[in-house]
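K.L.:
Before I ask anything, here is the structure I am working with.
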Amino acid sequence: MTYLRLQQAAVAGLLICAGVAGAANLDDAFLKARDAARSGDSKQLEQLAPKFQGHVLEPYVQYWRLRARLELREPAEVRVWLAANRDTPLSDYLRRDWLKLLAKNAQWDVFDAELPALVNDDLEITCYALQARARIDTLALREARPLWFVAREVPANCDPLFQSLVDAQQLSTEDIWTRIRLALEAGQVSLANRIAAFLPRGQAPDPRALSAISSNPALQLGDARIDFKSRAGRETTMFAVYRLARTSPQQAAAHWVKIAPRFTEEERAYVWGMLGYFGAMRHDPAALDWFAQSSGMSDLQLGWKVRAALRAKRWPEVLAAIEAMTPKEAEDPAWRYWKARALKTQGRAAEAAALLKPLSAEYHFYGQLALEELGGAVQAPAPAYKPTDEDIRSIAARPGIKRALELFRLDLRLEAVREWLWAIRELSDRQLLAAAEVARRHAIYDRAINTADRTVFEHDFGLRYLAPYRDQLKAAARQLDLDEAWVNGLIRQESRFIAQAKSRVGASGLMQLMPATAKWVAGKIGLKDWQWSQVTDVDTNLSLGTYYLRHVLDTLDGSPVLASAAYNAGPGRARAWRDSQSMEAAIYAESIPFNETRDYVKKVMANSSYYAHNFSQQMQSLKARIGVIEPRARDREKPLGDTP
C-alpha cells in the first residue's frame, strides 16, 4: 500500500470514529433532553434543542419545548406546529393537552374549532365538549347519559354534567343505584360512596358498612340488625352476598336462600345471576341452577352461563344463553362457533353451516375449528404478494417509520411503538406487508408480526408467524422431544420473539421466565454460576424455557393445552380446571376462568397449527392437536416436586 493510500485510510478511519462519537453524543443529548422535559428543566431543554435541527427526532424536542409553556403560546403558533407535524402521534398528544387548557380557560371558540381534528378519544375532553354544547344545546345532556354507567372513576370535570343530568331529571334514583352497583361490583367502594351523594337526602348506604363488607362479608350477612325495608339496607346486603360469592359461591348461596324472600323480584334475579357467574367461574355444578333463577343477565353473565352449560354438556342451554346475548356480543367468534355446535345437536345442520362457513375463513382458534367442523383442513393462505425492494425502501423512507426505527435503536420502546402504530394506521395491505418486512430486517420482530397481522385481504403468514430463532429452538426442542411448532407458537404469544422482553410481573426473555422458575431450572440442568442477567441470552433462555415446558407437559398428561395453561397461570390451576369427566380440550380452554389465560391458550394452539404448516410438517388437525382433557382424579395426580 502506498503512503498516500495509508494516509487516506487513516483519515477515513478518523472520520468514522468521529462520526460514531458524534452519534453517541447526540444520543446522549436526546436522552438528556427527554429527562429535562420530564423534570420540567426548561433551561437545559432550551440549551440542548439547537443540536437537533434537521435531526429525524427533532419533532420530539420541539414538542417538549412547546408543551413546557403551552399556556403562553398563541393559537397561531400551536396550529403551525400541529400542521407541520401531523404525521406523528405527538400532534395528537399536543392537541389533547391544548384542548384541555382551552376548556379550563373557557376559550370555547378555539376549542370547538380544534376538537374535530383530535384522533384519539379522551373522556376528559368529551366531558368538556358536552359542557360546551350544553350551553346552547339542551340535547347535549342526552349524550352525557351513557358516560354515567361506568364502574370506574371519571375525570372531575364530568361531575357538573352529571349534576346537570340529575337537575334535569334525566338521571333517576334507579340510575344512581345502578352505578353504585357497578362500582361495588368492581370493588370501588370509595367511588360508590361518592356516587351515593347524588341520591336524595338520607337514602345513601352506610359507608362504614360498605367498607366492613369489603374485608368480611360473612359478618354482615350474619347481622340480625339488617334493615331489609330500606333500599340502602338491601343493596348493602346484596353487596355482602356478592363479595362472599367471589371466594365461596356455595357459602354465599346458603346465606342468600335464607334472606332472598325479603328482597324484590328484580333484586333476587340480580343476586342469582351474580351467584351463577361466580359459580361458573369456579366450575361449580350448581351454577346453572343459580342462573336459572335469574333474568335480564348481562353479556358477561350469559357468557359464563354458556361455559357452564358446555362443561355440563347441556346444549339447549348453550343455545338459549347465546341467543339472549346482545347482537354485538353474539358476533364473537367463540359464540358463533358454539352456537353452531349447539344447533347441530338439534339436527339444524343447515343453520349451523351458515354460521360455520364465514367463520372458517377467519384466521384464529375458532376459525380453524369451524373449518374442521365443515370437513376442511387447516392451512395458511399462500402469499399472493411479496413487497419489492422498492416497496420496502419507500416505506422505510417515511418520516414516521424513520422516527420509530430511531427510537427503537435508542431502546425507547414505548415511544417507538406509538410512533410505529401512528405511521401504519392508514396503510394498505401491501404497504403493511412492506412495513412488516422493514421491521423484520431490523430485528423488531414484534412489530413485524403485529403489522403483518393487520392485513385484511392479502396476507403473508411467513411474516405473521415469524420464527427468527428456529435453528436454536429446533435443536432445543429435538433434544427434549417437544413439538417445535408448539414451542414457537408459545414464544410468539409470550414475547413476540423479543429477546429482551420484560413483563410487568417480572418475567424476562423469549420464553418469559420468572426468577424463581429460572433459578429452579438452572439447578436442574446443572447450569453453573447462574445469574439472572443471563435470562435474556437467547440460547440460555431457550434451554431453561424448553426444559420447564417439557417438565410441565410431563406432569400434565402430555397435553399441550394443559401445559400451555400451566405455563401461563401455573400447574396447580391448570390441573384444578379439569372436570370429573373427560371433555373436549376446546371446552376446557373456553372455560378457563382467567381472561388472559383463556385467550393465551387458544392463541398458542392456533399459532401452533400455522407454524406446523409453515414448517412443512405433516398437517395435523387442530382438534387432534389439542385432544381431550382427561378427568381429574386423585390417583392420576402427579406432584410437581420442588417446582417453584
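K.L.:
Taking every alpha carbon pair in the range 74-170, what does the distance histogram look like in 5 angstrom bins from 0, in percent?
P.N.:
In order of increasing distance, the bins hold 2, 12, 24, 21, 17, 12, 7, 3, 1, 0 percent.
K.L.:
Using a Förster radius of 30 Å, what is the FRET efficiency between Leu219 and Ala151 based on their Cβ-Cβ separation? Nearest 0.05, please. Walk me through the numbers on the way to the answer.
P.N.:
Values: r = 25 Å, r/R0 = 0.82.
Calculated value: 0.75.
K.L.:
Provide the per-residue ³J(HN,Hα) series for the range 265-277, in order, calculated from phi with Karplus coefficients 6.51, -1.76, 1.60 and θ = phi - 60°, each as a whole number of Hz, with x at glycine and proline positions.
P.N.:
Per residue, the Karplus-derived 3J(HN,Hα) values read 4, 5, 5, 5, 4, 4, 5, 4, x, 5, 4, x, 4 Hz.
K.L.:
Over the chain, give the accessible area per residue in Å² for a 1.4 Å probe, as an integer.
P.N.:
Numbers: 31250 Å² over 644 residues.
With the other protein chains kept in place, the chain gives 49 Å² per residue.
K.L.:
Something else: Given a cut-off of 24 Å, what percent of all Cα-Cα pairs of the range 416-542 lie beyond it? Let's see the in-between values first.
P.N.:
On the way: 2806 of 8001 pairs.
Tail fraction, whole percent: 35.
K.L.:
Any of Lys51/Lys402; Lys51/Lys502; Lys386/Lys603; Lys313/Lys357; Lys104/Lys328; Lys344/Lys623 with alpha carbons more than 28 Å apart? Name them for me.
P.N.:
On the way: Lys51/Lys402 18 Å; Lys51/Lys502 33 Å; Lys386/Lys603 26 Å; Lys313/Lys357 24 Å; Lys104/Lys328 37 Å; Lys344/Lys623 17 Å.
Flagged as over cut-off: Lys51/Lys502; Lys104/Lys328.
K.L.:
Could you work out how far apart the two model spin labels at Leu72 and Arg86 are, taking each label as a point 7 Å from the Cα in the direction of the beta carbon, and quote it in nm?
P.N.:
The answer from the label model is 2.9 nm.
K.L.:
So, one more: What are the ³J(HN,Hα) values, in whole Hz, obtained from phi via the Karplus relation 6.51 cos²θ - 1.76 cosθ + 1.60 with θ = phi - 60°, for each residue of the range 592-604 in sequence order, with x given for Gly and Pro?
P.N.:
Here the 3J(HN,Hα) series is 5, x, 8, 4, 4, 5, 4, 5, 4, 4, 5, 6, 4 Hz.
K.L.:
Evaluated at 37 °C with a viscosity of 0.692 mPa s, what Stokes-Einstein diffusion coefficient in µm²/s does the range 343-429 have when Rh comes from the Kirkwood expression over alpha-carbon pairs?
P.N.:
198 µm²/s
K.L.:
Please report the carbon-and-sulfur percent of the accessible area for the range 44-188; probe 1.4 Å, protein heavy atoms only, DNA, RNA and ligands left out. Don't skip to the answer; put the middle values down first.
P.N.:
On the way: 3580 of 7450 Å².
Carbon and sulfur together cover 48 percent of it.
K.L.:
State the percentage of accessible surface on the range 285-326 attributable to carbon and sulfur atoms; use a 1.4 Å probe and exclude ligands, DNA and RNA. If you can, show how the numbers build up before the last one.
P.N.:
Details: 930 of 1710 Å².
Answer for the range 285-326 is 54 percent, counting heavy atoms of protein chains only.
K.L.:
To the nearest Å, what is the center-to-center distance of the range 333-383 and the range 442-471, using C-alpha atoms only?
P.N.:
The two parts, judged by their Cα centres, are 25 Å apart.
K.L.:
For the range 195-315, would you read off the P(r) tail past 25 Å as a percentage of all alpha carbon pairs?
P.N.:
Working: 1831 of 7260 pairs.
More than 25 Å apart: 25 percent of the Cα pairs in the range 195-315.
K.L.:
Given just the C-alpha atoms of the chain, how large is their convex hull per residue in cubic angstrom?
P.N.:
Details: hull volume 148.5 nm³, N = 644.
Dividing the Cα hull volume of the chain by its residues yields 231 Å³.
K.L.:
³J(HN,Hα) across the range 207-220 via Karplus (A = 6.51, B = -1.76, C = 1.60, θ = phi - 60°), whole Hz, x for Gly/Pro?
P.N.:
So the Karplus estimates, Gly and Pro as x, are x, 5, 5, 4, 5, 5, 5, 4, 9, 8, x, 4, 4, 5 Hz.
K.L.:
Same structure again: How much mean residue ellipticity at 222 nm does the chain get from its helices, if each DSSP H run of length 4 or more adds -39500 (n - 2.57) and you divide by all residues, to the nearest 500 deg cm²/dmol?
P.N.:
Numbers: 38 runs with 416 residues, N = 644.
Here the helix-only value at 222 nm equals -19500 deg cm²/dmol.
K.L.:
Right, next: Which FRET efficiency, nearest 0.05, do Asp27 and Glu124 yield, Cβ-Cβ r, R0 41 Å? Mind showing how you got there, number by number?
P.N.:
Details: r = 35 Å, r/R0 = 0.85.
Between Asp27 and Glu124 the formula returns 0.70.
K.L.:
OK, next. Out of the GluC sites (Glu not before Pro) in the range 312-385, which ones are loop residues according to DSSP with at most 10 other C-beta atoms within 10 Å? Kindly include the intermediate steps, with their values, before the conclusion.
P.N.:
Working: sites: Glu317, Glu323, Glu329, Glu331, Glu351, Glu362, Glu372, Glu373; in loops: Glu331, Glu362.
Counting only loop positions with at most 10 other Cβ atoms within 10 Å, the GluC sites (Glu not before Pro) in the range 312-385 are Glu331.
K.L.:
Check which residues have an amide H placed less than 5 Å from Met583's amide H, if you skip close sequence neighbours.
P.N.:
Ile629
The values are calculated or read from the model by the stated rules, or taken from the named source; none is laboratory data. Owing to the predicted nature of the structure, the values given are computational and were not obtained by experimental measurement. As a convention, Cβ positions derive from the backbone with ideal geometry for all residues, glycine included, and neighbour counts pool all protein chains shown. The protein model used for the area step is the full one, side chains on, heavy atoms only, and it has no ligands, DNA or RNA in it. Shrake-Rupley method; radii C 1.70, N 1.55, O 1.52, S 1.80 Å.
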